[in-house]
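Only one structure is covered here, and it is reproduced in the block below.
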Amino acid sequence: MKILFKIIFNILIIIGINFSAYAFSTDWKISSDGVNDIIKMRISSATEGVVGLYNIPISLEIVTSPGWKIYWRNPGDSGLPTEITFDGSQNLKNFNILWPAPFRFSTFGIDTFGYEGKIILPINLIPERVNEEIKLISQISLLACNEICIPFNQDFELNIPNKPHAPNLNTRERAKYLSLVPKPIIPKGFSIGSIALNEDGILLERIKFPVNNYDVFVENEKGINFGKPIKNGNNILLPKLNENIKILDEELIKLTFVLESVSFEKKIKIIQTRQNINSYFSFFEEITIFILISFVGGFLLNFMPCVLPIISLKLGSIITENLTQQNNIRKSFVFTSLGITSSFLILAIALISLKHFGHSISWGMQFQNSSFLLLITLVILLFGFNMLGLFEIRLPRILLDLMPKNHQGFIGDFLRGFLTTIMSTPCSAPFVGTAITFAFSESYSIMLIIFFTMSIGLSSPWILVAVYPKFINYLPSSGKWMLKLKYVLGVLLLLTSLWTLSMFSKSVRVNNSSENYYSENGPTLLWEKGLAQKLASEGNIVLIDITADWCITCKLNKFIIYNNKKINEKIQNGDLKIIQGDWTLPNEDILNFLAENERYGIPYNSVHGPNNIEGIILPEILTVKTLLNTIKQVKE
């Protein structure tokens, strides 16, 4: 009996050791002032294992005693930020703290930001080697304040095993606080007109929020804080708390808007307003400038490689059809222009609907959808076969009967306008990114105006021919060359369909690679949030490249950059590190990253270095000179 008891006892000890080695949480550690308990904290894992995860969810759980508070990442006018490090951990490459929205504590005119009671700080761990155990060693440093302030430091150890990932008892509670983390995208029903620095503080104009009870927190590298928002109609003033706010002129700031049901962040470069200027005139001036930018951007899309196949389709229609009469020429190009304008407005309405119902939107997002890719592949393939004379595309008789007889022959021109719009969205010409960013961040009516103006810019060559149809006379006279050109253009469309088919093929595959890979141009790191800043703080020069297989402009940039000897030498010698993010398929992290940087499409490129860790965002079309000059700017 004693032997059986010893065996059972030893088995229970072994089970207990194994259980403690892979517990989902550390023990609570309680800190006191020597008399009363003030704060307790622990580290917990929200997964049973690491296998199958590239971001490992853990949490720092903190409970303060009544009357005591701890601080946010920005403590405000006094206090110290809560700090978390993982020095000495094994198989840990990086980590990202997700800070829930803070509270404002005002005492004797001093505003501080933080938490009280129970708070969970979600943390995502990024392993060096996926699917392998992580041995976590964490160091927590925080300041707890009541009538007095007391600093506390605690160390924790936690192992997360190489078992299949699965939710555990901590998952739901972590998710609750994760939902309180401010989103990088302005939610539906909210809009912000302009943000500027004036002599009284930061002025937010034309604010449209569905509720009146909210707070705004300001973060900047200068450490300057602002008071609680003062509301005046649709405007908000964040009052200055000191006199040196002018040093924030043209600085990047982050605004965190905290409401009862939702919170979000907005990064912006703040600019000091000119005195005695009418804000409405300023807004009209701003709208006028962006209308001009959107027109020029739309016009330049005609010269981007993604639109060239559709221009060839139009040339083919001129060759194939009898457009000798000026009236027919005019109608043909008018219908193409109407197709472009109509499709742009439909696209704008579709994006507005998605945004209204809380979905994230971006320029070219339809190319991440496999169904769309399959459809557009078939459409371009049919047009290509039609160009080669294999068959003729005819509309159903029902649709033709709905059209006046004198317009029935121009349905194809109208549809070519639609196709021009669709194929223009994978490209980002100069000024397009600026116009799209403005449109997506303004009201729905402004968005419609910008899209309409861009459609006029894109269709302006067609409109010009419709107004002056004699331009067609500059084409060479008909002959065998026209038939040969028709076949060449047909082959060009078939090649375009192969390109879209390759994107469709990739969209239905699941790529689980998370290792660094070696491209023909040198070692390339896979994108993850914060990696560029980490490398830049260590003295490296880093280029972030967010790209996609459907982004023709991205491929053009790569061709220009990687074929330059100086830049290639920097990459091969390790003087320039490339971090690449693939946005061919939907990726919420990349979408949020773009939104944080006020970009709603790609290509996205930024250069980071010791002299500018946050980085300098480059224009859509890269040049070697621009890249080399930016590298010099971010160096020490």
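Out of Ile126, Ile160, Ile97, Ile140, which single residue is within 22 Å of Asp37 (Cβ to Cβ) and not hydroxyl-bearing (Ser, Thr, Tyr)?
Working: Ile126 fails: within 22 Å of Asp37 (Cβ to Cβ); Ile160 fails: within 22 Å of Asp37 (Cβ to Cβ); Ile97 fails: within 22 Å of Asp37 (Cβ to Cβ).
Exactly one residue qualifies, and that residue is Ile140.
Report, by residue number, each residue of segment 103-120 that is among the aromatic types (Phe, Trp, Tyr) and touching a strand residue (DSSP E or B) at 6+ places or on another chain (Cβ under 8 Å). Full working, then the answer.
The initial filter retains those residues of segment 103-120 that are among the aromatic types (Phe, Trp, Tyr), namely 103, 105, 108, 113, 115.
Matches in segment 103-120: Phe103, Phe105, Phe113, Tyr115.
Kindly indicate whether Ile140 is of a type outside the set (Gly, Ala, Ser), on the phi < 0 side of the Ramachandran plot and not in a strand (DSSP E or B).
So Ile140 fails the test.
Filter segment 375-393 down to the residues that are at pLDDT 75 or above and open to solvent by 70 Å² or more (accessible area, probe 1.4 Å) and list them by number.
Answer for segment 375-393, where residues must be at pLDDT 75 or above and open to solvent by 70 Å² or more (accessible area, probe 1.4 Å): Leu375, Leu378, Leu382.
State whether the residues of segment 565-575 include one that is open to solvent by less than 40 Å² (accessible area, probe 1.4 Å), under 12 Å from the mean Cα position of the chain (by Cα) and at pLDDT 85 or above.
Going through segment 565-575, the residues open to solvent by less than 40 Å² (accessible area, probe 1.4 Å) turn out to be 567-568, 571, 574.
Those still in the list that are under 12 Å from the mean Cα position of the chain (by Cα) too: none.
No, segment 565-575 contains no residue that is open to solvent by less than 40 Å² (accessible area, probe 1.4 Å), under 12 Å from the mean Cα position of the chain (by Cα) and at pLDDT 85 or above.
List pairs: first in segment 570-588 and under 16 Å from Val634 (Cα atoms) and part of a loop (DSSP other than H, G, I, E, B), second open to solvent by less than 30 Å² (accessible area, probe 1.4 Å) and not hydroxyl-bearing (Ser, Thr, Tyr), Cβ under 8 Å, 6+ apart or cross-chain?
Pairs found: Asp575/Ile541; Leu576/Ile541; Leu576/Val542; Leu576/Leu543; Leu576/Ile567; Leu576/Ile631.
Would you check if there is a residue in segment 571-590 being hydroxyl-bearing (Ser, Thr, Tyr), in contact with a Ser or Thr (Cβ under 9 Å, 6 or more places away or on another chain) and within 30 Å of Phe367 (Cα to Cα)? Lay out the reasoning, then the answer.
Going through segment 571-590, the residues hydroxyl-bearing (Ser, Thr, Tyr) turn out to be 584.
Imposing the further condition that a residue be in contact with a Ser or Thr (Cβ under 9 Å, 6 or more places away or on another chain) reduces the set to 584.
Add one more test, that the residue is within 30 Å of Phe367 (Cα to Cα), and what stays is 584.
Yes: segment 571-590 contains one or more residues that are hydroxyl-bearing (Ser, Thr, Tyr), in contact with a Ser or Thr (Cβ under 9 Å, 6 or more places away or on another chain) and within 30 Å of Phe367 (Cα to Cα).
So, Phe113, is that one in contact (Cβ under 8 Å) with a residue 24 or more places away in the chain, within 27 Å of Asn597 (Cβ to Cβ) and not in a loop (DSSP other than H, G, I, E, B) or not? Lay out the reasoning, then the answer.
Numbers: in contact (Cβ under 8 Å) with a residue 24 or more places away in the chain: yes; within 27 Å of Asn597 (Cβ to Cβ): yes; not in a loop (DSSP other than H, G, I, E, B): yes.
Spelling it out, Phe113 is indeed in contact (Cβ under 8 Å) with a residue 24 or more places away in the chain, within 27 Å of Asn597 (Cβ to Cβ) and not in a loop (DSSP other than H, G, I, E, B).
Inside segment 176-186, can you point out the residues that are open to solvent by 30 Å² or more (accessible area, probe 1.4 Å) and touching a residue at least 40 places away in the same chain (Cβ under 8 Å)? Walk me through it before giving the result.
So the first thing to find is which residues in segment 176-186 are open to solvent by 30 Å² or more (accessible area, probe 1.4 Å), and the list is 176, 178-180, 183, 185-186.
Lys176, Leu178, Leu180, Lys183, Ile185, Ile186, listed by residue number.
When the residues of segment 148-171 are narrowed to those that are touching a residue at least 12 places away in the same chain (Cβ under 8 Å) and out of contact with any strand residue (DSSP E or B) (no Cβ under 8 Å at 6 or more places or on another chain), which ends up nearest to Thr64 (Cα to Cα)? Please lay out each step first, then the result.
As a first pass, look at segment 148-171 and keep what is touching a residue at least 12 places away in the same chain (Cβ under 8 Å): 149-171.
The next check asks that each one be out of contact with any strand residue (DSSP E or B) (no Cβ under 8 Å at 6 or more places or on another chain); those that pass are 161, 166-167, 169.
Numbers: Pro161: 30, Ala166: 30, Pro167: 27, Leu169: 22 Å.
If we take residues in segment 148-171 being touching a residue at least 12 places away in the same chain (Cβ under 8 Å) and out of contact with any strand residue (DSSP E or B) (no Cβ under 8 Å at 6 or more places or on another chain), then Leu169 is nearest to Thr64 (Cα to Cα).
Has segment 569-590 got any residue that is farther than 23 Å from Val130 by Cβ and either touching a Leu at 6+ places or on another chain (Cβ under 8 Å) or basic (Lys, Arg) (or both)? Spell out how you get there, then give the answer.
The first filter runs over segment 569-590 and keeps only residues farther than 23 Å from Val130 by Cβ, leaving 569-576.
Within this subset, residues satisfying the condition of being either touching a Leu at 6+ places or on another chain (Cβ under 8 Å) or basic (Lys, Arg) (or both) are 570, 576.
Scanning segment 569-590 turns up at least one residue that is farther than 23 Å from Val130 by Cβ and either touching a Leu at 6+ places or on another chain (Cβ under 8 Å) or basic (Lys, Arg) (or both).
For segment 161-266, please list each of the strands (runs of 3 or more DSSP E) lying entirely inside it that holds at least 1 residues being of a type in the set (Ser, Thr, Tyr).
Values: elements: 194-198, 201-205, 214-220, 230-232, 235-239, 251-259.
Where strands (runs of 3 or more DSSP E) fall fully within segment 161-266 and carry at least 1 residues being of a type in the set (Ser, Thr, Tyr), they are 194-198, 214-220, 251-259.
For (1) of a type in the set (D, E, K, R); (2) modelled with pLDDT under 80; (3) farther than 29 Å from Ala439 by Cβ; (4) open to solvent by 10 Å² or more (accessible area, probe 1.4 Å), each residue gets a yes or a no:
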site: Trp527; (1), (2), (3), (4): no, no, no, yes
site: Asn540; (1), (2), (3), (4): no, no, yes, yes
site: Ala548; (1), (2), (3), (4): no, no, no, no
site: Thr553; (1), (2), (3), (4): no, no, no, no
site: Ile579; (1), (2), (3), (4): no, no, no, no
site: Glu598; (1), (2), (3), (4): yes, yes, no, yes
site: Leu618; (1), (2), (3), (4): no, no, no, no
site: Leu627; (1), (2), (3), (4): no, no, no, no
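Anything in segment 214-234 that is polar (S, T, N, Q), at pLDDT 85 or above and surrounded by fewer than 19 Cβ atoms within 10 Å (Cβ to Cβ)? List them, or say none. Show your work before the answer.
Just the residues of segment 214-234 that are polar (S, T, N, Q), to begin with: 220, 225, 232, 234.
If we keep only those that are at pLDDT 85 or above too, we end up with 220, 225.
Residue satisfying the conditions is Asn220 alone.
Quick check: anything in segment 394-404 modelled with pLDDT of 70 or more and open to solvent by less than 40 Å² (accessible area, probe 1.4 Å)? Spell out how you get there, then give the answer.
Start the filter on segment 394-404 by keeping residues that are modelled with pLDDT of 70 or more, which leaves none.
No, that holds for no residue.
Quickly run through segment 75-98 and pick out the residues that are over 20 Å from Tyr54 (Cβ atoms) and surrounded by fewer than 19 Cβ atoms within 10 Å (Cβ to Cβ). Walk me through how you get there before you give the answer.
Here is the first cut: in segment 75-98, the residues over 20 Å from Tyr54 (Cβ atoms) are 75-85, 87-88.
Listed by number, the residues that qualify are Asp77, Ser78, Leu80, Pro81, Glu83, Ile84, Thr85, Asp87, Gly88.
The values are calculated or read from the model by the stated rules, or taken from the named source; none is laboratory data. Only a predicted model underlies this, so the values are computations on that prediction, with no experimental measurement involved. Glycine also receives a Cβ, built like all others from the backbone with ideal geometry; neighbour counts cover every protein chain displayed. Please note that ligands, DNA and RNA were not included when accessible areas were found on the heavy atoms of the full protein model with its side chains. Shrake-Rupley method; radii C 1.70, N 1.55, O 1.52, S 1.80 Å.
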